[in-house]
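Here the structure is laid out as C-alpha cells; the discussion comes afterwards.
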Amino acid sequence: MSTGGNEGDPWWASAVVYQVYPRSFADADGDGIGDLPGLVNRLPYLSGLGVDAIWLSPFYPSPLKDGGYDVSDYTDVDPRLGTLGDFDALIDGARKHHIRVIVDLVPNHCSSDHPLFKKALAAPAGSVERALFIFRDGRGPDGGEPPNNWPSQFGGPAWTRVPDGQWYLHLFDSSQPDWNWRDPRVGAMFEEILRFWLDRGIGGFRVDVAHGLFKDPQLADVADVTLTNRPSAYYHRPEVHTVYRRWREILDSYPSDGFPGARTAVGEVWADSAATLKAYLADDELPQIFNFDLVRAKWSPTAVREAIETTHEFADGSRAPWVIGNHDVVRPVTRWGVDAARAAALLLLALPGSAYIYQGEELGLPEVEDIPDDARRDPTFRRTGGMEVGRDGCRVPLPWSAAGASFGFSRTDPDFDPAPPWLPQPPGWGALSVAVQSGDPGSFLSLYRAALRLRREHPALGVGPDGGDAMRWLDAPDQALFFARDPGFVFAVNLGDSAVPLPPHSAVLLASGPLGADGGGRATLPRDTAAWLTAGLQERPVLTAGVQERPVMCVRKIRAPSGRHGGADSGTAQGRNAGRARERAQPQARGRV
Ligand code: NOJ
C-alpha cells in the first residue's frame, strides 16, 4: 500500500504512519482506558483511512506516571491494555490490512517500578545493582544538594534523593530513572528487547529521547541551567552513535523481503541544528529521525519555507519524516487555526518522503485547553506547580460516535455502562466524531481520506521517482508557497490574509477549502487554503460557460464543539483567528520533550 517510491526503496521511505496513543484510541473492555483489542477492532478504520503503518506509543506495563513512557517491563503488555496474545493479534490483524506496526522503545529511562531499579534501591551505594543507573552522592553539607545543576525536562532538578542519602538522575520525572548506558549490561539488555519485538513481526521502532542515553562521565555542571537541545553534558554525547550502529546491524539482520520488509527505527531527536541531526543518519546508523521543523514553525510563508529548507539541509523526508503534531505538542488546529490546519495537512502529505499523522489530526481535533486541574495527568503540570499545563489537551480520548457514553470511545453494547474516559472529553466532542465526519464530504476526515488515496495513486507523491528531495520551488506571491514535483504535480498554499491567483495548472486535484475567483474569472486560492494541482502551462478560467472548476472534493469546514471545554471555539472564525494570533505570539508550541 506504500505511496510513491521506486523499486528498491524500503517501504518506510514513503510511508504514511499513523501514531496511536493507545490509552486514548479505543477502549474495548470499557474501563475508560484505550487498549490493544480496541485498536484491533478499529483496524478497518485505519485501513480505510489509507495508512501504511501504525506507530504504537508505549503499551508496556507501567505505573503510567508519564503516559507509559515510564516502563516497568519492556517485554510485556500492560494488563489494562491487554496481553501479549492481544499484541500478536494486532500484528496479525494489521498484516491482513497491509499495515505495519512500529513500537515505541524507551531506552533512556525506565520506571521506578522496574525490578532492576527496585533492586538498585535496595542495594548499597557502589553496588553492581546501582551501577545500572546513575546514583551519586550529593554536594553541600551532608550531601543534601543534588550532585549537579542539571534540570529535569518536566521542571525542577534532574535528581531525587533516596533514603540512604544518595541521589539518582532522571532527565524526566522522578519516577523515570535514567539508565547508565556506560554499563555494558544495559546495552546487552536492550539488544534482547529489540529482538524480542522484531521476532514478533514488527516493522520497527520509534526511539524515545534518542539523543539522551549517554551523559558526561564527570556529570559536570552545565553553564546554563535552562533546557537546551544543543549538544550538552546530557544530550548528543558522541557515544550514543555506537548504540545506533549496533542497532542498525540488528535491524538489517532481519529479512527485507516479504512482510513487514526492511525494519526501520525512527529516532526522536530534538536538536539545535542540521549538523547535530545529520550525525544520526549516517548510513550505518538510524534509518530515520523525525524532523520537527514544521511542528516548530509559525504559520507564515517564511517560517514554513524555512522549516522545509532546514530539513533539506540534512535529509529528505524519507530519512526525516514530516510531522505537524504528536502526543507532546499542541494540536495543529489550536496552534494554527482550523483552515490553516487543513492546508497544513495537504502540505504534510505533498512533501517528499514519509509523513506521520497523530491520531485525531485527521478529525481536526482541537487541543482541549480547560481540563480541570484535578483531572490533569501529565507530570509536567505537577512538577512546574501548574506553570505549564502539560500535554493532556492533545491526549483526550477520540470521539467515534456522535453521542453515547464517551462518544463511542469505550465499548457501547446496550446494557453496559463504561467507566468514564481517563481524561474528560469536552461536551461537544461528538460533533467531531468519526461517525459524523464520515458522512460529510467536507469534513477533515474526508479531506484526509481523499489526500491519502490520491497520494497512493499519484506517481509524484511519497518519495517520487526522483528520490526524496525531488521538489522545486516555483515563483509565488510573497504570502504563498508553490512547489512542483515530477511528474506533473504542483502544490500551492496561501498563508497570507488575502486571496492569491493559483499557479498555472490544468486541473485541481484536491483543495483544503473552497477556491475563489478573481474579477477575470480566474481561480484564486483564499487565505489559509492549499491545493493539489495537475501541472499545466495555462491558467484556466475558473468560470467557463457558467461551470465552476471544482476540486475532487467540495470542502466545507467542520465546527469544533462548543461548550465549556478548551478549544471549543477553534472551529469558529474567532477561534481560528485566536489560533493564528497565539501562534504568531508564541512560535514554540511546547518544547519540553
Ligand atoms: C518523549 C515522549 O514523546 C514524551 O511523551 C515523554 O514524556 C518523554 N520522551 C520521556 O519519555
Q. Can you tell me which residues in segment 159-181 are within 16 Å of the ligand (Cβ to nearest atom) and of a type in the set (A, V, I, L, M, F, W, C)?
A. 169, 171, 172, 179, 181
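Just the residues that are open to solvent by 30 Å² or more (accessible area, probe 1.4 Å) and either closer than 17 Å to residue 453 by Cβ or modelled with pLDDT of 95 or more (or both), please, taken from segment 516-535.
526, 527, 534
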Q. Tally time: how many residues in segment 401-420 are surrounded by 24 or more Cβ atoms within 10 Å (Cβ to Cβ) and either at pLDDT below 95 or not polar (S, T, N, Q) (or both)?
A. 2
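A quick yes/no check of all residues on (1) touching a residue at least 40 places away in the same chain (Cβ under 8 Å); (2) not in a strand (DSSP E or B):
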{"residue": "484", "(1), (2)": "yes, no"}
{"residue": "492", "(1), (2)": "yes, no"}
{"residue": "497", "(1), (2)": "no, yes"}
{"residue": "503", "(1), (2)": "no, yes"}
{"residue": "508", "(1), (2)": "yes, no"}
{"residue": "513", "(1), (2)": "yes, yes"}
{"residue": "520", "(1), (2)": "no, yes"}
{"residue": "532", "(1), (2)": "yes, no"}
Q: Could you tell me whether any residue of segment 444-464 is farther than 30 Å from residue 48 by Cβ and free of Cβ contacts under 8 Å to residues at least 24 places away in the same chain?
A: no
Q) Has segment 415-422 got at least one residue that is under 25 Å from residue 321 (Cβ atoms) and of a type in the set (Gly, Ala, Ser)? A) no
**Q.** Residues (open to solvent by 20 Å² or more (accessible area, probe 1.4 Å) and of a type in the set (Gly, Ala, Ser)) located in segment 233-278
**A.** 253, 256, 258, 262, 273, 275
Q: Can you work out which of the residues in segment 374-386 that are over 19 Å from residue 334 (Cβ atoms) and away from the ligand (no atom under 16 Å from the Cβ) is least open to solvent (accessible area, probe 1.4 Å)?
A: 386
**Q.** Sole exception among (1) surrounded by fewer than 18 Cβ atoms within 10 Å (Cβ to Cβ); (2) in contact with a helix residue (DSSP H, G or I) (Cβ under 7 Å, 6 or more places away or on another chain) for residue 474, by number
**A.** (2)
Q. Any residue in segment 440-448 that is in a loop (DSSP other than H, G, I, E, B), small (Gly, Ala, Ser) and under 24 Å from the mean Cα position of the chain (by Cα)?
A. yes
Q: Scan segment 245-258 and report the pairs whose first residue is closer than 13 Å to residue 195 by Cβ and whose second residue is assigned to a loop (DSSP other than H, G, I, E, B) and open to solvent by less than 40 Å² (accessible area, probe 1.4 Å), with Cβ atoms within less than 6 Å and a gap of 6+ or a chain change.
A: 251/263; 254/263
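Would you check which residues across segment 91-121 are open to solvent by less than 20 Å² (accessible area, probe 1.4 Å), more than 16 Å from the ligand (Cβ to nearest atom), out of contact with any Phe, Trp or Tyr (no Cβ under 6 Å at 6 or more places or on another chain) and over 20 Å from residue 207 (Cβ atoms) and list them?
Correct list: 93, 94, 99.
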Q) Taking segment 426-439 as the search range and keeping residues that are part of a loop (DSSP other than H, G, I, E, B) and touching a residue at least 40 places away in the same chain (Cβ under 8 Å), which one is most open to solvent (accessible area, probe 1.4 Å)? A) 427
Q. Could you list, in sequence order, the residues of segment 95-131 that are in contact with a Lys or Arg (Cβ under 7 Å, 6 or more places away or on another chain) and over 21 Å from residue 68 (Cα atoms)?
A. 120, 123, 129
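Can you tell me how many residues within segment 61-79 are within 12 Å of the ligand (Cβ to nearest atom) and β-branched (Val, Ile, Thr)?
Number of matching residues: 1.
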(Q) Go through segment 148-176 and report how many residues are surrounded by fewer than 22 Cβ atoms within 10 Å (Cβ to Cβ) and over 19 Å from residue 65 (Cα atoms). (A) 5
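The values are calculated or read from the model by the stated rules, or taken from the named source; none is laboratory data. These figures come from a predicted structure and were not determined experimentally. Please note: Cβ atoms are built from the backbone with ideal geometry, for glycine as well, and neighbour counts cover all protein chains shown. For the accessible areas, the whole protein counts, side chains as well, though only heavy atoms, and no ligand, DNA or RNA atoms are used. Shrake-Rupley method; radii C 1.70, N 1.55, O 1.52, S 1.80 Å.
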